[in-house]
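The structure appears right after this line, and notes come after that.
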Amino acid sequence: MNRPDEHAEIRKQLALLVAGALDDEIKVRIARHTSTCADCAAELERWELISRGLRRLPTPQPSPALFERTRAMVAAQLAAQTEQRQNRTTLILLLFFSWALTLLGWPIFRFATGGLLPLLDVRFHQMWLLFAIFSALTWLAGSSAAVLLSLHHQLERRPV
Amino acid sequence: MRLFGASIRITDMAGAVASLWEGRVQFEGALEQLRRGDLNALSALIPRYQNRLYRYLLRMVRQPGEAEDLFQQTWLRVAEKIRSFDASRNFDAWLFTLARNLALDHLRRIRPSSLDAPAGNDEAGETIISRMASGGPAPLDQLLARELSSRLAAALDRLPLVYREVLSLRFEEEMKIEEIAAVMGTPLSTVKSRLRRSLEQVRQIMEAGDQGEARA
């Protein structure tokens, strides 16, 4: 004999039962109840109808080209990201290279031109101007190297 | 004769197990290949998940074009993050989590109102079914011979996002409750209460529609 409030308790669980989200203990309890209660068994059948229907919903189909489009898009995006990373690395390296060239090259330049500068009447106050011109030349060399490297990378990536 | 039949059945079962095993090995191989940066692995992975992932995204955003864009974004994210994927974890749950996060970001940008939480507390004790009239001939019975699928799909479409999502993951993707909890990032109890409420709402929508039709 079922308790009067047991029907409500059981019905509250039926949705979860058809969703397969109940413990074995409750499943057994529901099975025992529905075997003797026609109303709750009918209610369970209604839930099962919904559950079956949801499982059999037609699968929407994506456009046929989606697979190819996705592959191409992923490849292009990853290539672009790799290029960006390479460019960033190259830029950082060239920055270091240009500074190193400027700072290390200056004493060598002074040493090499030590005897020549006084003849050209270059004085101490003009040294800063000379250093600026020297820096500009070394940075120009650095950026030329960057452009050449970038062109080289582009040629390497170009499809044959 | 019976012995012959049994031996055929055993051979069939062994064949099925071997083919499952082979599929699993190929899948693991494709993941490893992708981890090494070989994009050819996508040829094995995308078709395997194509319909499921697209269906899930479509349930989330409801627009085919947007679902296809998100599908592409998801695979891009997979290719970017595959090295951080822990192979001991479930790939399906990881993939659907990535897709879910992208879909939610997209909806947050495009249609923030679609992310509104459904009315009522997930954990509340009172359920819609407890408020439904019980006994008597249920209108749902009359649906038996009608186009159940299209009506269910329409009902599903009218649900709030969290309910559509949980139903899709459980009934269409056939994920376990634990997997759904992992994808949604919620406790098991929340998944269960969302499942119950979503099913109740589907039933309520269908029965309301049927009663409306009966009156008309």
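For the stretch B:179-191, the set of residues classified as within 9 Å of chain A (Cβ to nearest Cβ) and surrounded by fewer than 21 Cβ atoms within 10 Å (Cβ to Cβ) consists of B:188 only. From the list A:48, A:43, A:83, the lone residue that is out of contact with any Cys (no Cβ under 7 Å at 6 or more places or on another chain) and over 18 Å from residue B:203 (Cβ atoms) is A:83. Residues that are within 11 Å of another protein chain (Cβ to nearest Cβ) and buried (at least 16 other Cβ atoms within 10 Å of the Cβ) within the stretch B:49-61 comprise B:49, B:50, B:52, B:53, B:54, B:55, B:56, B:57, B:58, B:59, listed in sequence order.
Note on the stretch A:38-94: residues that are crowded, with 17+ Cβ neighbours inside 10 Å, in contact (Cβ under 8 Å) with a residue 12 or more places away in the chain and either more than 9 Å from chain B (Cβ to nearest Cβ) or not in a helix (DSSP H, G or I) (or both) total 3. When residues in the stretch A:10-26 are screened for being loosely packed, with under 14 Cβ neighbours inside 10 Å and either in a helix (DSSP H, G or I) or in contact with a helix residue (DSSP H, G or I) (Cβ under 6 Å, 6 or more places away or on another chain) (or both), 2 of them pass.
We did not get these values from a lab; they are worked out from the coordinates using the rules stated. If you're wondering where the values come from, they're calculated on a predicted model, not measured in any experiment. Cβ atoms come from the backbone with ideal geometry, glycine included; neighbour counts cover every protein chain shown.
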